Amino acid sequence: MKRLAGLFWSLLFLAVPIFGVITFAVAPAYDIWLPKDVSEHGASVDGLFYFILWLTGGVFVVTEVALFWFIWKYDANNKKSEVKYRHGSHVLEVVWTIVPAAVLLFLAIYQMNTWADIKMRRPNMAPTVEVIGRQFEWRLRYPGRDGVLGTPDDLHLVNDLHLPIDEDILIQLKSMDVLHSFFLPNVRIKQDAVPGMKIPVWFKAREEGVFDIVCAELCGWGHYKMKGRVTFESRESFEKWLEVKYQEQEATQASNAET
Amino acid sequence: MSTVETKTTSVQDAPQKQETHVHAQPSSARKLSTFLSTYVFSKDHKVIGLQFLFSTLLWFLIGGLLALAVRWQVAWPWSDVPVVGKLFAQQGGQMAPEFYTMLFTMHATVMIFLVIIPILAGAFGNFLIPLMIGADDMAFPTLNMLSYWFMWPAFIAFGASFFVEGGAASSGWTSYPTLSTNVNSSPGAGWGQTLWLIGLTFVGVSSMLGSVNYMTTIILMRAPGMTMFRLPMTIWAMFITAVLQAFALPVLTAAGFMQLADRSLGTGFFTPEGNIVNNAIATAGGGQPLLWQHLFWFYSHPAVYIMILPAMGMVSDILTCFARKPLFGYRPMVYSVAGIAGLGFIVWGHHMFMSGMNPALGTTFMVSTMMIALPSAVKTFNWLGTIWAGRIQFTTSMLFALSFVSMFIIGGLSGIFMAATPVDIFIHDTYFIVAHFHYVLFAGTAMGVWAAIYFWFPKMFGRTMNEFWGKVHFFLTFIFLNGTFFTMHILGAVGFPRRLADAYHYETFHHLQPLNAFMTYCAIGMVASQIIFAVNFFWSMFYGPVAGRNPWNSNTLEWTAPSPPGHGNFDFQPIVHRGPYEYSVPGVESDHLMQTDPPNAAATAAAAAAH
Amino acid sequence: MNAPAASIGHESHGHHGPVLQYQPGLPLSRGKLIMWLFLSTEIMFFAALLGSYVVLRFGAAVWPKPHHVHLSEPIGAFNTFVLICSSVTVVLALEAARANKRSLAKSWMLLTLILGSLFLGVKAYEYSSKFDHGIYPWAPRGRIYERPDLYYGSAVRARLSDPAILAKIKELDGRPENELSDAELTGRRRLKQVKDMVNNPDQQAFDLAVVADQIMPLPGEGSDSHDHGGGLNDTFAWLQLPAVIPGGNMWASTYFFLTGFHAVHVIVGLIVFSILLLYELGPAAAGMIENAGLYWHFVDLVWIFLFPLLYLF
Ligand code: HEA
Ligand code: HEA
Ligand code: CUA
Ligand SMILES: [Cu+2]
């Protein structure tokens, strides 16, 4: 009976790595996994994710199985050998400090380049569009015909972002009121919008399609519904769309002026 | 409170041999004042510890119920909340989105500031420190009493905040400006937020009083022979936690005052120039929203270690006791606790990778964050080394301690994903983070706390808890917690954002509802399982088997005192002859040698040989 | 038995175990150790405030010069001197108490108390001179505007149409020229100009800048002059017109916040000294005096950081 109890508890601990691995293995089959990536840099982010997943997965399985093994093997009720009276091991301490240190240091250095590409090496160009967070919508401002932001001919839109593919996009991110976060799951981009700051965000999309813009920073009661859409399209259809929107805006301005 | 009542009866029922002189003057006024000074405004560290324990367990229940309400909304948004729905329902029985934001804000606030921090430092720190180092009480008993009573304004402020105009604080437990500082930004940004800040200040004062007292006690009041390197890990952890508290907390207090001033006086420390919220332009300006984040995380990152180090210490002691084996690598264990604490002060920026902070600074925080995994690795491996080749006894306490190790590995490893800045771009503010911190906080610390409750219960109340029901409690909690929280990782891998009242209208996330429903069922099971614990706890206090001084054959000093110890703790002068972990010493008849056992030739020889 | 096996905590029953002995730790008394530890938490508290000050100040687009905001270095230096003296006297009180010169100890202690109060008095004077110029710790109450914009213009207009002010202006206009000093004469002329400008419906931003300059001119960059070249607010103290001080509000917030928290610490110290004065200050009280002194040195030290940061840079 007591021996069974020991077996039961050790198997319970063995279940942890088993179910852990199974969960991660089957999740992609149910589409509960990284959403489709349409960006140029996304592959290196995902690659790093997988790399860390394999690394920590390995550590996870090894440590959890060791835990199970010790619990099972050294159960007081079926143990035959003596308890090893040990206060530690100098060699082991050194080994299990140095090895993880090397692994972690490698990881730290390995990822720096990706980070610098996404957040530090800003393309030298004028902003494609300005995105302004506001409770609870994304206000967009395209430079208009003169190509300069902040002039009277700017095109103003809400929540409906269109961008051309296969070229550098530079977004100027601002917030009017509280913090928001500009999150494009399919582009592996996230950046908080901070009132009082202008933060550049850049990327290059590779594929056409319509995707979600999610607000990922708590911004009040309506945080959950602060949703926008981004449409990636070819340069031509992007420009066509811009023209249409521009004319719509001029029409409403004109009618406003009349009344 | 129920404790107080049980204590009254105990005074009257207990055979009062030594207390006859109390009956010499039977005046009811005197009785009342005796009662008050013994059980309410007691300066005895054990009573204060128990006061902390009972208060925090009560808040644990409240925090758990708040979590259930959170889970309900995430699984079935906008559907009628059963039973309690009528109480807070704005529209019929369903909760409003602003109410949801209040729920998770207060869930986290309660869990962190009223449960985990005070149960570790306040309840176990108080109860164990003098007993484990051989002191008769804390160095400053009055300060100690005050540190408990300073919690009450906080209890009241947080508790009352649900009932004030606009409702409770609703800007997350992180309270980022300008959402938290601008009164127009959300309903809970009114009185609720002010009460939140007031409550936080009182929790801070309480912790500060406690921490300086603990440090003084540990430095100056150790039994003869109890050198620093003969202290049990629990005491080392408590000591270093106190250092962390003392140095990190004042920063949050200062930041809290600044936010309070921004809100109620009209300064603009955290408000940028020309800030427009809800169409109203802010009168103050010129400040920086990110400054708050720096100050907040300068405290709150060390605070996450404040929330785990004591549990690590207690788990180390429990593991050695039930593996009947010395702690593997005592000194590395001590140094790694100190290392975690030291590095803990220079990694706060990892919460701000996406905040708009200079990305180059992000790189330095990334490197330091990677490095902080090292001391944790040392601890994990030493725990494994401790149970290796031991003789493991499956008590409830041991099961919880083992699961602490198992779960901490999961929580710690997910930290590596987030420490990697490019990966954090995708998973920041998603359920991956929620999974991470529930693994370290709930599956880690709370499991450690349960291990400690089952372990030291006999010392606290003189009776042991029921082992069978304890194991049932463990089993159910273990299963349900993994069901609830492990799945959060894959939810995070989709990018499922946290703090969203309803995410299913996003195309990216609309297929995740069934998974969330599964997690909510598990969460309900998890909270329901705690009924077993509560019943076991109270039942055992009165009817559990009476425990002797040392029911677990453990080595440390508290087990030499009576269970429960009387005033002054020890009925003899404890003198320490060895470290706390001399289990299964070859050549010694008993499988444990207490710290106070007289020097033993065989043990000395064995210790020399083992090195 | 249906009660915990024994009840714990028999405080008032006098049931004590043996008096316990302890391992020698640090060569410090409990009181002194906890005092040091407490002070280290205080250091972190002020470190956070000072750190925030530095971040806010150097992150700000503009920051007023000390004399823009009526901050007087000599007064600050004097106060620093007072506080340092009080640190010396408290040490002397301790020495005297140790030597069992009780009345001498009491005198030094009293002097410390007086010096501390003097510091607070000077601080109060400094505060009130800020208030007189409309500089308040927080924006809505103050008369500081960040820039000469339309809001500023209407604030000046509002002040100038206050009946009490109107009456005063009328009285001023009615006074014969030979009764007025030169400054008052120019002041009167300028006041008219200002009134016209703010009441002019098609005023330009530039006009308001001129208005601000007339009311309280800000010495240019690099100018060391301490007077404001006789702005209207200086000429006619009763006018109290809104003034433009870029960065002034944040300056005021941080200044009052830092010095205010410091002042609270001074007050706590003074209370402790007053209580100590009720005791016999012999060798028995030396421990208490020493702890109070430690605290007082800390308060002094904080000021030594605050003074240059707030007054000199
Ligand atoms: C007790 C609490 C606790 C603990 C111990 C930790 C431990 C760690 N945390 Fe966690 N963390 C939180 C509580 C905690 N955290 C909370 C509450 C939040 C969210 C706050 C909020 O936003 O609301 C958070 C958020 C958080 C973030 C921010 C994420 C984001 O918002 O985007 C990051 C980023 O780096 C991080 C990292 C880490 C790391 C690297 C550790 C490390 O200390 C872990 C080290 C341990 C191990 C690594 C496992 C054992 C080691 C081995 C088995 C050895 C081998 C391993 C390797 C070689 C990899 N944490
Ligand atoms: C110590 C900290 C702690 C603990 C223990 C928990 C416990 C739980 N948490 Fe919590 N949680 C946080 C800290 C914690 N959480 C934090 C910091 C956040 C972030 C908030 C933010 O974004 O600002 C968060 C957010 C958070 C979210 C995300 C909300 C969102 O982002 O939208 C969710 C969702 O599932 C959740 C769920 C749960 C659940 C189901 C539990 C369950 O484990 C609860 C189980 C409860 C019990 C088991 C109660 C047991 C009761 C007793 C034992 C008492 C017995 C009584 C007596 C003896 C008298 N939590
Ligand atoms: Cu905007 Cu959340
Ligand atoms: Cu952290």
Inset, instruction - Could you calculate, for chain C, the ratio of the Cα radius of gyration to the Kirkwood radius, expressed as Rg to Rh? - result: 1.18
Inset, instruction - Would you compute, for the Cα atoms of chain B, the largest minus smallest coordinate along each principal axis and list the three values in descending order, in whole Å? - result: 78, 63, 45
Inset, instruction - Quick one: grab Rg to one decimal and Dmax as a whole number for region B:548-611, Cα atoms only, in Å. - result: 12.7, 41
Inset, instruction - Pairs of Cα atoms under 8 Å, at least six residues apart: use those to get the relative contact order of chain A, whole percent. - result: 18 percent
Legend entry - Of C:Q203, C:Q23, C:Q240, the one that fluctuates the most in a GNM where chain C has Cα springs shorter than 10 Å: C:Q23
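How large is the Rg to Rh ratio of region B:42-270 when both quantities use alpha carbon positions and Rh follows Kirkwood?
We get a ratio of 1.05 for region B:42-270.
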Inset, instruction - Give me the percent of DSSP beta bridges within the protein assembly as shown that run antiparallel, rounded to the nearest 5. - result: 70 percent
Inset, instruction - Can you find, among B:G125, B:H351, B:L413, the residue farthest towards the positive end of the dipole of the protein assembly as shown? Put +1 on the C-beta of Lys and Arg, -1 on that of Asp and Glu. - result: B:G125
Inset, instruction - With springs connecting C-alpha atoms under 10 Å apart, model chain A as a Gaussian network and identify which of A:V214, A:V187, A:V83 has the largest mean-square fluctuation. - result: A:V83
Legend entry - Relative contact order of chain B, defined on C-alpha pairs under 8 angstrom at six or more residues apart (%): 14 percent
Legend entry - Dipole magnitude of chain B about its Cα centre (Cβ charges: Lys, Arg +1; Asp, Glu -1), debye to nearest 20: 780 debye
Legend entry - Per-residue SASA entry for B:D502, accessible area with 1.4 Å probe, Å² rounded to 10: 20 Å²
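So what are region C:116-199's ellipsoid semi-axes, whole angstrom, largest first, if each one is the square root of 5 times an eigenvalue of the alpha-carbon gyration tensor?
Over the Cα atoms of region C:116-199, the ellipsoid semi-axes are 30, 21, 11 Å.
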Legend entry - DSSP-defined antiparallel bridges as percent of all bridges, chain A, nearest 5: 70 percent
Inset, instruction - Calculate the mean, over all residues of peptide C:167-178, of how many other protein chain Cβ atoms lie within 10 angstrom of the residue's Cβ. - result: 0
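I'd like to compare C:101-109, B:103-111: which one has the highest average count of other Cβ atoms within 10 Å, and what's the full order after that?
The packing order, highest mean first, is B:103-111, C:101-109.
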Inset, instruction - Determine the shielding of peptide B:347-356 by partner chains: average, over its residues, the number of Cβ atoms on other chains within 10 angstrom of each Cβ. - result: 4
Inset, instruction - Hydropathy first: keep DSSP H helices in chain B averaging at least -0.5 on Kyte-Doolittle, then drop any whose Cα extent along the axis falls short of 15 Å, and list what survives. - result: B:45-75, B:97-109, B:191-220, B:233-264, B:289-306, B:309-323, B:330-344, B:359-387, B:396-419, B:447-461, B:467-493, B:513-543
Inset, instruction - Would you be so kind as to identify all helices of chain A, as entire DSSP H runs, whose Cα atoms reach 20 Å or more along the helix's own axis and whose mean Kyte-Doolittle hydropathy is at least 1.6? - result: A:2-26
Inset, instruction - Within the set of other residues whose C-beta is less than 14 Å from the C-beta of C:S86, count the net charge using Lys and Arg as +1 and Asp and Glu as -1. - result: 0
Legend entry - Mean Cα-pair separation over length for region B:42-270, i.e. relative contact order, pairs under 8 Å, 6 or more apart, %: 22 percent
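In region A:135-240, what % of DSSP beta bridges are antiparallel (nearest 5)?
On the way: 21 of 27 bridges.
Antiparallel bridges: around 80 percent, rounded to the nearest 5.
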Legend entry - region B:462-598: C-alpha pair distances exceeding 18 Å, %: 71 percent
Inset, instruction - Please give the net charge around C:K170, taking every other residue with its beta carbon less than 13 angstrom from that of C:K170, where Lys and Arg add +1 and Asp and Glu add -1. - result: +2
Legend entry - Peptides ranked, highest mean first, by Cβ atoms within 10 Å: ranges B:297-305, C:183-191, B:205-213: B:205-213, B:297-305, C:183-191
Legend entry - Under 15 Å from A:K225, Cα to Cα: aspartates and glutamates that are on another chain or at least 8 residues apart: A:E137, A:D160, A:D212, A:E217, B:E98, B:D502, B:E507
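Computed over the Cα atoms, what is the radius of gyration of chain A divided by 2.2 N^0.38 Å, N being its residue count?
Compactness ratio reported: 1.48.
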Inset, instruction - Let me know the whole percent of all Cα-Cα pairs from region A:114-259 that are separated by more than 23 Å. - result: 35 percent
Legend entry - Given B:K31/C:K106; B:K379/B:K471; A:K198/C:K195; B:K46/C:K106, the pairs whose alpha carbons are separated by over 31 Å: B:K31/C:K106; A:K198/C:K195; B:K46/C:K106
Inset, instruction - Could you tell me the distance between the Cα centroids of region A:104-146 and region B:349-366, to the nearest Å? - result: 14 Å
Inset, instruction - Compute the signed sum of charges (Lys and Arg +1, Asp and Glu -1) over the other residues within less than 12 Å, Cβ to Cβ, of C:V210. - result: -2
Legend entry - Gaussian network model of chain C, Cα within-10 Å springs - most flexible of C:N199, C:N79, C:N249: C:N199
Inset, instruction - Take the alpha-carbon centre of region A:50-87, take the same for region B:367-442, and report the distance between them in whole Å. - result: 15 Å
Inset, instruction - Could you rank the peptides A:165-178, A:236-249, A:116-129 by their average count of other C-beta atoms within 10 Å per residue, with the highest value first? - result: A:165-178, A:116-129, A:236-249
Inset, instruction - Take the Cα coordinates of region A:162-208, assign each an equal point scatterer, and use the Debye formula without solvent to give log10 I(q)/I(0) at q = 0.18 Å⁻¹. - result: -0.57
Inset, instruction - In Å³ and rounded to a whole number, note down the convex hull volume per residue for the Cα atoms of region B:201-261. - result: 68 Å³
Inset, instruction - Enumerate the helices in chain C for which the Kyte-Doolittle hydropathy averages -0.5 or more and the C-alpha atoms extend at least 24 Å along the helix's axis, using complete DSSP H runs. - result: C:30-59, C:73-98, C:102-132, C:248-277, C:286-307
Legend entry - region A:50-133: translational diffusion in µm²/s, Stokes-Einstein, Kirkwood Rh over Cα pairs, 25 °C, 0.890 mPa s: 136 µm²/s
Inset, instruction - Give me a single rounded figure for A:107-114: the average over its residues of other chain Cβ atoms within 10 Å of their Cβ. - result: 5
Inset, instruction - Average the reciprocal distances over every distinct pair of alpha-carbons in the protein assembly as shown, invert the result, and give the Kirkwood radius in Å. - result: 33.2 Å
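The values are calculated or read from the model by the stated rules, or taken from the named source; none is laboratory data. Values in this document were obtained by computation on a predicted structure and should not be read as measured data. Glycine also receives a Cβ, built like all others from the backbone with ideal geometry; neighbour counts cover every protein chain displayed. Please note that ligands, DNA and RNA were not included when accessible areas were found on the heavy atoms of the full protein model with its side chains. Shrake-Rupley method; radii C 1.70, N 1.55, O 1.52, S 1.80 Å.
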